[in-house]
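Note sheet for the following structure.
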Amino acid sequence: MPRGKGEGITKIAVKGFKSIAEECTIDIRPLTILAGANSSGKSSIMEPLLLLKQTLEAPYDPGPLLLDGPNVQFTEAAQFLSILPEKKKTDCFQIRIKTRDSIITSSLRIVFRKVPSQIKIVEMAAETKLDQLVYGYPKHLNLFPEMSPEEIKVQLDQNMIPEDYNVVKRLRCFLHLESQDSYRSVSNTGNFESNILNIVHVPGLRGNPERTYKFTSTGPRYPGTFEHYVASLIHEWQKTKDKRLKTLTDTLRTLGLTGHVGTKKIGDVGIELQVGRILHEGDEGNDLVNIADVGFGVSQVLPVLVAVIAAEPGRLVYIEQPELHLHPRAQVALAQVIADAAKRGVRVVAETHSSLLLLGVQTLVAEGNLPPELVKLHWFTRREDGITEVNSVDLDEAGTYGDWPMDFDDVSLNVQSRFLDAVDNVRFGDKETA
């Protein structure tokens, strides 16, 4: 398959998963912000993608979906299948993914259904549009388990696939056409599999700082959640004098957290993460302490910073609550870090409750430091019947985005108004009874 500079995943749509009973679609831009109230469906739009990721990464074949894994954890399908307005629980959910490569635009739809004691793939449709003709590349496959020979022949004829591909087989979370005699398979899911495996997931729960971290791989892929790889990546950058270590240090200083970060090897299996206790530059080598002995904010933001600095163009980096444990000033500064990654072509999806982070992004756009077409905002709400809806907007050149169903700033202004009214009451008494 021809490959070039890829844009990666550009659209995700989900239906039948948790509160997303009706299909919701989000565009994935280089900087994509997911916002909304708690339990409004922000995580639910991304979790099916993480289910695919942990299924593909499992060291064994877990079946069509690995429900209990490092990225998302369920013990049964009933925990994530939607409840419809009639209080009936659906028995299936689907995910649609769209990707863009240099000459290829692809879309994939997979439908999963709960049957007694398991989850099954009941349908998979994959479509590919090419900017130029590539012989033998399947344009459209619509596959079902246990397809009849006549149904398979239609797919062969439509896609100019040899007749000996005569059986549909499941490979992890995908369906493929396979030659029963030679065990060769044909599919156009390779682009999707690569993009899913390349996802970097920085979860909201990033663990407590540890005195010693285990050595891990330093890429190019990061199975599971990303916080486990941070110490080894920093150690690798330090050992190879990689310029990204200076970028990380400068960023931490800009956020007002520390003036230095480094590592120390502990035996053959451990790494100690060390940070400076002061912000100014200079001889910080004598002022390093274990990361467990400084404020919690450093350990929580390091996975975020290392992920966006390490990621290459086209890779999707999904960050839950990037602002976790950060001072308000640091939240605003974090917008620049995420914007820099977006301008390099990384696809950052940030699920946030921080109005300051959003305001920082708006300010960068208004100042001309971030092209507005790189940004997409998605606001999640739940209707009275509990079903999630998504309102999506673009920023204009002034960094404004119009009216959302509920604005972060509205909440802030309402609280300030209440406070000022309460202060007036304390100082001047109830004006109505005065």
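The values are calculated or read from the model by the stated rules, or taken from the named source; none is laboratory data. Just so it is clear, the structure is predicted and the values come from calculations on it, not from any experiment. Glycine gets a Cβ as well: all are built from the backbone with ideal geometry, and neighbour counts include every protein chain shown. The protein model used for the area step is the full one, side chains on, heavy atoms only, and it has no ligands, DNA or RNA in it. Shrake-Rupley method; radii C 1.70, N 1.55, O 1.52, S 1.80 Å.
Out of all the residues in the stretch 102-115, which are crowded, with 18+ Cβ neighbours inside 10 Å, over 30 Å from K89 (Cα atoms) and among the polar types (S, T, N, Q)? Of everything in the stretch 102-115, just one residue is crowded, with 18+ Cβ neighbours inside 10 Å, over 30 Å from K89 (Cα atoms) and among the polar types (S, T, N, Q), namely S106. Residues in the stretch 85-101 that are open to solvent by 60 Å² or more (accessible area, probe 1.4 Å) and in a strand (DSSP E or B): 3 in all.
Per-residue answers, yes or no, for (1) in a strand (DSSP E or B); (2) crowded, with 20+ Cβ neighbours inside 10 Å; (3) over 28 Å from the mean Cα position of the chain (by Cα):
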{"residue": "Q300", "(1), (2), (3)": "no, yes, no"}
{"residue": "P303", "(1), (2), (3)": "no, yes, no"}
{"residue": "A307", "(1), (2), (3)": "no, yes, no"}
{"residue": "E312", "(1), (2), (3)": "no, no, no"}
{"residue": "Y318", "(1), (2), (3)": "yes, yes, no"}
{"residue": "H325", "(1), (2), (3)": "no, no, no"}
{"residue": "L334", "(1), (2), (3)": "no, yes, no"}
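Of all residues in the stretch 236-250, count the ones that are closer than 17 Å to Q274 by Cβ and in contact (Cβ under 8 Å) with a residue 40 or more places away in the chain. Total meeting the criteria: 1.
For the stretch 146-192, what are the residues that are modelled with pLDDT under 80 and either farther than 15 Å from E123 by Cβ or among the aliphatic types (A, V, I, L, M) (or both)? If you could, list the steps in order and put the result at the bottom.
Kept after step one, since they are modelled with pLDDT under 80, are these residues of the stretch 146-192: 180-190.
Selection gives Q180, D181, S182, Y183, R184, S185, V186, N188, G190.
Of the set (1) over 20 Å from the mean Cα position of the chain (by Cα); (2) in a loop (DSSP other than H, G, I, E, B), all apply to L252 but (2).
Here E22 passes the criteria (1) part of a loop (DSSP other than H, G, I, E, B); (2) free of Cβ contacts under 8 Å to residues at least 60 places away in the same chain except the one numbered (2). I'd like to know if the stretch 75-84 contains one or more residues that are in contact with a Leu (Cβ under 9 Å, 6 or more places away or on another chain) and surrounded by 18 or more Cβ atoms within 10 Å (Cβ to Cβ). Yes, some residue in the stretch 75-84 is in contact with a Leu (Cβ under 9 Å, 6 or more places away or on another chain) and surrounded by 18 or more Cβ atoms within 10 Å (Cβ to Cβ). Scanning the stretch 43-65 for residues that are under 30 Å from Q362 (Cα atoms) and either surrounded by 21 or more Cβ atoms within 10 Å (Cβ to Cβ) or of a type outside the set (S, T, N, Q) (or both) yields a count of 6.
When every residue of the stretch 66-73 is checked against the conditions, at least one turns out to be touching a strand residue (DSSP E or B) at 6+ places or on another chain (Cβ under 8 Å) and either open to solvent by 30 Å² or more (accessible area, probe 1.4 Å) or part of a loop (DSSP other than H, G, I, E, B) (or both). Looking at the stretch 28-42, is at least one residue polar (S, T, N, Q), assigned to a helix (DSSP H, G or I) and open to solvent by less than 10 Å² (accessible area, probe 1.4 Å)? No: the stretch 28-42 contains no residue that is polar (S, T, N, Q), assigned to a helix (DSSP H, G or I) and open to solvent by less than 10 Å² (accessible area, probe 1.4 Å).
In the set (1) over 27 Å from T225 (Cβ atoms); (2) of a type in the set (G, A, S); (3) not in a strand (DSSP E or B), the condition left unmet by A125 is number (3).
Residues checked against (1) of a type in the set (S, T, Y); (2) in contact (Cβ under 8 Å) with a residue 12 or more places away in the chain; (3) touching a helix residue (DSSP H, G or I) at 6+ places or on another chain (Cβ under 8 Å); (4) open to solvent by less than 30 Å² (accessible area, probe 1.4 Å):
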| site | (1), (2), (3), (4) |
| --- | --- |
| V349 | no, yes, no, yes |
| L359 | no, yes, yes, no |
| T363 | yes, yes, yes, no |
| E397 | no, yes, yes, no |
| T400 | yes, yes, yes, no |
